Every structure is written in structure tokens, then in C-alpha cells.
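Presented below is the structure to which this report refers.
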Amino acid sequence: HAVLEEMGIDRAHRASSRDLDFEDVLREATGGRGVDVVLNSLAGPFVDASLRLLASGGRLSEMGKTDIRHPDHVAAEYAGVRYRAFDLVPDAGPDRIGAMLRELRALFAAGVLRPAPVRSRPLSRARDALRELSQARHTGKLVLDVPAAVDPDGTVLITGGTGTLGGLVAEHLVRAWRVGHLVLVSRRGEDAPGAKELASRLAELGARVRIAAVDVTDAAAVADLVAGIDPEHPLTGVIHATGLLDDAVVTSQTPERIARVWAAKATAAAHLHAATAHLRLGMFVLFSSAAGTLGSPGQANYAAANAFCDALAAHRRAAGLPGVSVAWGLWADTSGMTGHLAEADLARMARTGVNALGTRQGLALLDAAVQHGGGHVVAAGVDPRTLAGLPADSLPAALRALATTVGGSGAGRRTAAAAGGGQQVDWRARLAGLSTAERHRLVLNLVRGHAATVLGHADVDAVQADASFKELGFDSLTAVELRNRLAAATGLRLPAAMAFDYPEAAVLAEYLLERLTPDDGAAAGTDAVDPVLNELARLDTTLATLVTDEEGRQRIAKRLSGLLTKWNGSPTDPAGPTDFSALESASDDEMFELIDRELP
């Protein structure tokens with residue numbers, strides 16, 4: 001196409017000639033005359049095609065080594081065409097080559113000649129570039145661009161730089177990478193907790209630090225930040241460590257919750273990319289999360305935002321820019337994002353086979369990720385032995401291979417029943433022949449045992465049968481884990497909101513028992529009672545979380561008292577049902593007496 005454009009053939013003409021032979025297109029462009037010179041490095045039928053393109057008196061200069069023709073044979077087959085094969089170094093010699101280069105330089109400087117098109121490829125795509133070169137699908141030069149290194153005398157910008165992880169990374173860059181200039185970005189700047197102390201520590205290590213208060217979700221602010229970096233110490237690296245959590249199960253997600261999490265992670269990453277795309281950076285590191293790769297219950301919005309960061313790193317690398325997205329697991333150091341996690345939360349994560357990373361381990365993984373050369377890596381404290389003891393269908397696909405490898409060796413392999421809480425048990429057979437009370441006790445113990453495990457309790461007695469799951473400390477994430485564990489143990493497909501629809505262990509046990517023995521009539525006597533008890537349990541949970549004023553409380557209390565009065569009444573009650581037929585003729589005293597009796 002570049003050659004055709006040089007010859008004045010526009011795109012419309014080329015499109016209309018798409019089905020024509022390329023030789024015909026060129027002959028048409030030259031008025032049927034042909035071209036004067038072919039500089040050839042092809043072989044086989046391509047050499048013959050080039051010879052046919054030459055006009056009378058034309059010359060083919062053969063640079064290739066694999067298909068050398070004899071000049072006499074060429075002259076006999078292609079009348080009026082001159083053919084010469086040459087090897088530049090021995091044929092011309094260094095003096096002649098020097099003279100040619102000087103002449104060419106003068107012609108280029110005068111504008112008589114223009115350089116051939118140049119297209120660069122990152123060194124990581126050398127295989128693609130060489131394949132294109134070998135197939136002669138290019139015009140001009142293909143150049144492999146060696147990536148820039150992080151310049152110790154340059155500046156590294158860290159978003160979230162005054163936070164826990166940002167501070168650890170900043171200090172590591174100064175100590176291990178000898179980075180001398182840092183720009184630490186956060187929304188509060190120097191007013192962020194510990195920011196001034198961090199700057200002092202880094203200064204003592206010999207670094208020059210600037211702490212900037214910038215909203216990285218503002219494209220103009222990010223552009224001004226990058227443009228304002230000292231040109232004597234140009235930007236050499238970017239580390240995007242900002243993030244925001246707003247956990248909730250999918251059904252509780254709202255546009256507002258998604259927007260908050262997306263802005264801090266994904267929008268800010270896009271602004272950093274746009275503001276630095278024209279710069280020759282040594283690194284562009286995005287702190288992503290394993291939630292976007294492995295999944296994490298209750299973190300749909302966070303997973304989506306981090307998946308965008310993973311895709312952005314791939315996009316940058318495809319464009320020849322540096323980019324790596326590090327999908328982190330949990331760090332042990334408490335940060336603003338993870339400070340709310342309790343011991344039970346950490347224990348719950350450890351049971352999934354992913355442990356918290358220590359500081360030294362995390363920083364070593366950061367170094368490895370930058371040096372790895374890939375665009376997306378997962379850096380997490382994965383425990384293969386724990387994975388090997390978990391049901392395969394409960395693991396992310398990316399971790400199943402690790403579990404299979406360890407499990408196959410027999411080392412540390414737990415039985416499926418022990419790991420999954422009895423998921424291989426035939427509950428129908430196990431419950432057959434038991435009394436109603438024994439069945440309920442067995443399933444109740446199953447529920448209490450898994451609930452205690454999820455909450456991090458060693459003793460099943462920590463979960464009482466009539467205690468509300470919410471009062472015990474369950475939230476949306478732990479409720480999902482309880483659902484998953486019971487589903488694996490029973491083989492049932494259970495609803496995501498199971499722990500909220502059946503908010504007590506006893507109520508949940510009744511629900512599971514009904515699902516496990518749907519055709520058994522042993523508990524038929526309770527069929528009419530169970531729905532009422534379930535509704536009362538849900539009402540109990542609703543009232544426990546209800547926020548209302550005194551008037552509202554009184555209205556609810558009167559309504560509940562009225563329901564209880566009706567339930568406690570019976571057909572043999574002396575008072576009998578209230579007769580409202582004489583209401584129109586009742587006196588004021590009789591009206592008040594009726595209200596007091598019906599709405600105590």
C-alpha cells in the first residue's frame with residue numbers, strides 16, 4: 001500500500017482493484033510500461049513476478065542469498081532486462097560503502113530522498129516482527145524497541161503513596177532500587193495519617209520526596225500532576241496502588257457502589273495511562289487484585305475494576321508500552337482497605353487456601369513481577385496443601401491444577417468428606433429410619449458446625465440453635481461461604497440469600513431437612529407450622545435491624561400485641577370474638593373500652 005500511494009494510486013482505486021493481480025495493478029499505474037528498478041530479496045516465483053514487472057532496460061538488483069539466477073538465463077527469458085546479484089560487503093568494500101552512505105546522507109538532508117517507513121515493535125513481540133519480516137508482509141523497516149530501564153535518577157510516581165502498601169513500596173524502591181526521587185499521591189496529601197513521618201524516613205534514606213494531594217479520578221488533575229514533574233528528573237515509573245472496597249453480594253450492588261469502587265481503581269488507571277502514554281517509562285505497574293482473576297464472594301464491583309486494570313496492562317503492552325498488572329492476594333499489613341478484617345475473616349480466607357502475604361514476601365513478589373516480563377501475574381500466598389483438601393468444584397479454575405498436583409502426590413491430602421464437611425454422604429439413606437427429633441438434631445449439628453467454622457470458632461456450642469445469624473456476626477460474605485459449605489456437604493443447590501431467608505440454625509436445619517427428605521412424611525405434622533416459624537424468624541431479624549422513632553415502635557408493638565391476642569384466643573374463649581355490629585350505637589366509654597381490649 002505504501003508503494004501504491006507513492007505512485008499516486010488512491011485507496012478507492014486499490015479497493016476496486018482488490019481482486020486484480022498485483023502485477024496488473026502496477027502495470028496499470030505505470031501506463032503499461034512497468035517499473036525501472038527492483039531491489040529484490042525474495043525467492044522462487046516472487047523473483048519471476050518482479051522480473052515480469054520490469055520495463056525494457058529495467059534492472060533487478062538481487063540482494064538475496066537463496067535463489068541466485070544466472071544473468072544470461074534471465075536475459076534470454078526476459079528480453080531487455082538486466083540482472084545482477086551482489087553481496088554488499090565483498091563487492092563494494094568499506095571505502096565504497098562509506099562513499100555511498102555519505103551520498104545518501106546528503107540526498108536525505110536535501111529532501112531528495114525520504115526514508116522508508118519505520119514501524120517499531122516492543123522486544124517482547126520480536127517473534128511476531130520476525131515472522132512478518134520472513135513473510136515479506138512489511139514495507140520499509142521493522143525496528144525492535146528495547147524497553148527502557150527504571151532510571152534511579154528519574155522520578156517514580158506512586159498513587160496511594162501515603163497508605164500502608166504505598167509507603168512500604170516507596171521505602172523499598174529507595175532501599176533496593178536506589179530510586180532517588182518520589183512523588184507520593186493521595187487525596188489528602190500531607191494531611192494523610194503518617195504522611196509526614198513517611199517523608200522523613202525516606203529523606204533519611206537519601207530520597208527527595210514530594211507528597212501531592214491529587215484526586216486521581218480527575219483526568220485534568222492527573223495530567224497536571226504528570227506535567228509538573230521536574231524535567232531534570234523525568235518520570236521513569238508509575239505504580240498505581242490506590243483502591244477502594246465496598247463489599248456486597250451481587251444482588252446488593254447498586255450503580256453508586258460500583259461507581260465508587262470503579263473510579264478509585266479503573267478510572268484513575270485510565271487517566272494515568274492517558275497522561276503518560278507519550279513518555280518513555282521504565283515501568284507502569286498496576287496494583288490489581290486476585291479477586292479479578294480468582295473471584296471473591298461479595299466483591300463483584302472490586303473484581304470488575306481490577307479486571308479492567310489487567311486489561312489495561314495488556315492494552316499498553318500491545319501498543320509497545322510498559323505495563324504489568326499484579327493481582328495481589330491479601331497483605332498481612334493492615335491497610336485502610338483491610339483494617340476492618342477480624343481474625344475470623346483472616347481464618348476464613350486461609351481456609352480457601354490463600355494466606356496473607358508478609359511484607360518481605362510481598363515486596364519480593366513485586367520485584368519478581370516487574371522482572372517477569374508478563375503483563376498479568378498473580379501474587380498471592382497460595383497454600384497448595386489446603387487447596388488439595390478442598391472440593392474441586394469449589395476452587396477457581398486457575399487453582400485446580402495446583403490442588404491436583406499436590407493431591408496426586410498424596411502429601412497432605414485430606415479425604416473429600418473431611419474437607420468438604422461430608423459432601424459424599426448419602427443423606428437420604430442416613431436419615432432414613434430416624435425419628436423426627438433425631439433427624440432434626442443431626443442436620444442442626446451440621447448447620448451449627450459449619451456456621452462455627454465460618455465464624456472461626458473452635459467449638460460448635462458457640463452457635464446456638466435459636467440465635468440469629470446476624471447477631472452471631474454473619475455478613476454477606478460469610479453468609480455466602482456458609483451457603484457454599486452446606487451446598488458441598490449436602491449436594492443441594494441452595495439460594496445465595498439462604499442465611500437471611502432462614503436466619504437461625506434451627507430454622508435453616510428445618511429447611512435443609514425438608515430438601516433432603518422431600519418425600520418422607522415423618523415430619524408432615526410440622527408442615528403447617530414451619531412456614532410460620534420461618535416468617536417469625538425473618539420478622540425477628542427485620543426488627544433487630546429496624547431504625548424508627550418512638551411513634552413507629554408503638555404502632556408496631558400494638559400490631560404485634562393484636563396478633564398475639566388473636567392467636568391466644570380460642571373458639572371456647574368466654575369472651576368469644578369481638579362483635580363490631582353495635583359499633584355505631586356505642587358510647588364513647590364503650591368505644592375506648594373496645595380499643596383498650598383489642599389493641600393493648
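What follows draws every value from the coordinates through simple rules; no lab data is involved. Just so we're clear, the structure is a prediction, and the values are computed from it rather than from any experiment. Cβ: placed from backbone, ideal geometry, glycine included. Neighbour counts: every protein chain shown.
Below are the figures for this structure:
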| read-out | value |
| --- | --- |
| Cα-centre dipole for the stretch 39-142 with unit charges at Cβ (Lys and Arg positive, Asp and Glu negative), debye to 20 | 580 |
| Peptides ranked, highest mean first, by Cβ atoms within 10 Å: ranges 90-99, 148-157 | 148-157, 90-99 |
| ³J(HN,Hα) computed for each position of the stretch 275-288 - Karplus, 6.51 cos²θ - 1.76 cosθ + 1.60, integer Hz, glycine/proline x | 6, 10, 4, 8, 9, 8, 8, x, 7, 9, 10, 10, 7, 9 |
| 29 Å Cα-Cα reach of Lys141 towards lysines, excluding residues that sit fewer than 8 places from it in its own chain | Lys65 |
| Amide hydrogen neighbours beyond the local backbone of Asn355, cut-off 5 Å, H modeled | Gly381, Val382, Asp383 |
| Stretch gain in nm, segment Thr254-Ala116, where the contour uses 0.36 nm per residue and the Cα spacing is subtracted | 44.3 nm |
| Values of log10 I(q)/I(0), in the order q = 0.07, 0.12, 0.18 Å⁻¹, for the stretch 155-382 under a Debye, Cα-only, solvent-free model | -0.20, -0.62, -1.48 |
| Neighbour cut-off at most 15 other Cβ (10 Å), DSSP loop, trypsin sites (Lys or Arg not before Pro), the stretch 456-502 | Arg493 |
| Span from the the stretch 449-479 Cα centroid across to the the stretch 425-442 one, whole angstrom | 23 |
| Charge tally in the Cβ shell below 15 Å around Gly31, where Lys, Arg are +1 and Asp, Glu are -1, Gly31 excluded | -2 |
| Å³ per residue enclosed by the Cα convex hull of the stretch 58-117 | 127 |
| Stretch gain in nm, segment Arg515-Arg430, where the contour uses 0.36 nm per residue and the Cα spacing is subtracted | 29.2 nm |
| Cross-link reach list, lysines versus Lys265, counting only Cα pairs under 26 Å and skipping chain neighbours closer than eight places | Lys196 |
| Antiparallel bridge percentage (DSSP; both residues within the stretch 155-382; nearest 5) | 5 |
| Over the stretch 188-299 - Rg/Rh using Cα atoms and the Kirkwood inverse-distance radius | 1.02 |
| Low-density loop positions, chymotrypsin sites (Phe, Trp or Tyr not before Pro), the stretch 65-125 - DSSP coil, at most 12 other Cβ in 10 Å | Phe86 |
| Gained length - Ala318 relative to Arg82, 0.36 nm times residue gap less alpha-carbon distance | 80.6 nm |
| Cα-based convex hull volume of the stretch 84-200 per residue, rounded to whole Å³ | 237 |
| Net charge, Glu190 excluded, C-beta distance under 14 Å - Lys, Arg +1, Asp, Glu -1 | +2 |
